[in-house]
Amino acid sequence: MSTYYRLSPEIYFVKGRKKSALYNTLQGEIIHLCEERTRIIELLDKMPFEEILNIINGLSKTEIMEFVRVLKQNGIIRKYENKAYIDKLSLGFPLFMQKHLFNKPAPNLDIAFIEVSSTCDFSCYFCKNYPIKFGCLGCTQISYKKRISEELWLEILQEVNNLRCKTLVILGGDPFLEITSLVNFCRNLDKFNFENIFILTHGINIATKKSRNLIKHYNLKPIISIFLP
Ligand code: SF4
């Protein structure tokens with residue numbers, strides 16, 4: 001006998017380009033899904049669970065079974081002996097509007113601004129004026145202690161790339177002041193095809209050998225940004 005699983009009526013599946021999310025419209029919870037788990041949810045609607053176990057790459061059978069067990073235990077999916085059609089719970093929107101809201105393709109991202117560090121040895125007008133500095137889209141001096149790892153940068157760039165972003169703007173502080181953080185970030189750039197990579201700097205540190213090598217290797221386009229009083 002085959003086993004079929006269906007999403008519970010209150011659970012909405014929203015798919016991005018690769019990953020996806022399950023929205024529990026009754027409890028307001030969102031569950032993010034990786035590529036493999038996204039594929040499982042897609043297939044649950046099409047075939048018996050026994051067949052899915054044999055066609056998912058990237059997860060072992062044990063992992064697939066555990067994923068389905070947790071979903072079932074939390075009421076996200078329900079088990080059926082036959083292929084069943086489960087109507088979605090309507091929360092007040094007519095069905096045609098739900099389709100309009102939930103089935104839109106993921107948007108393209110034109111430009112991503114990425115702050116690789118927040119250290120700066122200048123003291124410009126914005127950064128000296130605490131109440132206004134957070135309104136500025138350019139470089140900003142803030143004392144963060146934590147640093148983002150190379151692995152996390154890779155994940156962030158992957159997400160940006162998935163949204164078909166072609167232009168990056170790297171910000172600080174002055175990114176060249178924390179050259180190690182900048183090098184760690186830039187190491188990931190070779191894996192993608194960003195067309196334009198701008199880097200905002202006050203310019204004092206771009207003449208060092210390390211900075212020049214970095215600019216040349218990654219084809220960075222410096223933009224000098226200083227806000228003097
Ligand atoms: S160069 Fe940028 S980060 Fe540095 S003080 Fe000026 S505005 Fe702030």
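Restricting attention to helices (runs of 4 or more DSSP H) lying wholly within region 110-204, give those where 2 or more residues are under 17 Å from residue 217 (Cα atoms). Give the derivation first.
Working: elements: 125-128, 130-133, 150-162, 179-186.
Filter on region 110-204 gives 179-186.
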Exactly one condition in (1) within 30 Å of residue 33 (Cβ to Cβ); (2) open to solvent by 70 Å² or more (accessible area, probe 1.4 Å) is not met by residue 143; state its number.
(1)
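Answer yes if at least one residue in region 59-80 is open to solvent by less than 90 Å² (accessible area, probe 1.4 Å), in contact (Cβ under 8 Å) with a residue 40 or more places away in the chain, in contact with a strand residue (DSSP E or B) (Cβ under 6 Å, 6 or more places away or on another chain) and assigned to a helix (DSSP H, G or I), and no otherwise.
So the first thing to find is which residues in region 59-80 are open to solvent by less than 90 Å² (accessible area, probe 1.4 Å), and the list is 59-60, 63-64, 66-68, 70-71, 75-77, 80.
Imposing the further condition that a residue be in contact (Cβ under 8 Å) with a residue 40 or more places away in the chain reduces the set to 68, 71, 75-77, 80.
If we keep only those that are in contact with a strand residue (DSSP E or B) (Cβ under 6 Å, 6 or more places away or on another chain) as well, we get 71, 76-77, 80.
Checking which are assigned to a helix (DSSP H, G or I) leaves us with 71.
Taking every residue of region 59-80 in turn, at least one turns out to be open to solvent by less than 90 Å² (accessible area, probe 1.4 Å), in contact (Cβ under 8 Å) with a residue 40 or more places away in the chain, in contact with a strand residue (DSSP E or B) (Cβ under 6 Å, 6 or more places away or on another chain) and assigned to a helix (DSSP H, G or I).
Tell me the residue from 176, 194, 185, 198 that is open to solvent by 30 Å² or more (accessible area, probe 1.4 Å), aromatic (Phe, Trp, Tyr), assigned by TED's automatic domain parsing to the domain that holds residue 123 and in contact with a strand residue (DSSP E or B) (Cβ under 9 Å, 6 or more places away or on another chain), please.
On the way: 176 fails: open to solvent by 30 Å² or more (accessible area, probe 1.4 Å); 194 fails: open to solvent by 30 Å² or more (accessible area, probe 1.4 Å); 185 fails: open to solvent by 30 Å² or more (accessible area, probe 1.4 Å).
Only one candidate passes the filter, namely 198.
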Any chance you could count how many residues in region 184-229 are away from the ligand (no atom under 15 Å from the Cβ) and within 21 Å of the chain's Cα centre (by Cα)?
14
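The values are calculated or read from the model by the stated rules, or taken from the named source; none is laboratory data. Because the structure is a prediction, the values reported are computed rather than measured. Don't worry about glycine lacking a Cβ; one is built from the backbone with ideal geometry, like all the others, and counts go over all protein chains shown. For accessibility, only protein heavy atoms count, side chains too; no ligands or nucleic acids. Shrake-Rupley method; radii C 1.70, N 1.55, O 1.52, S 1.80 Å.
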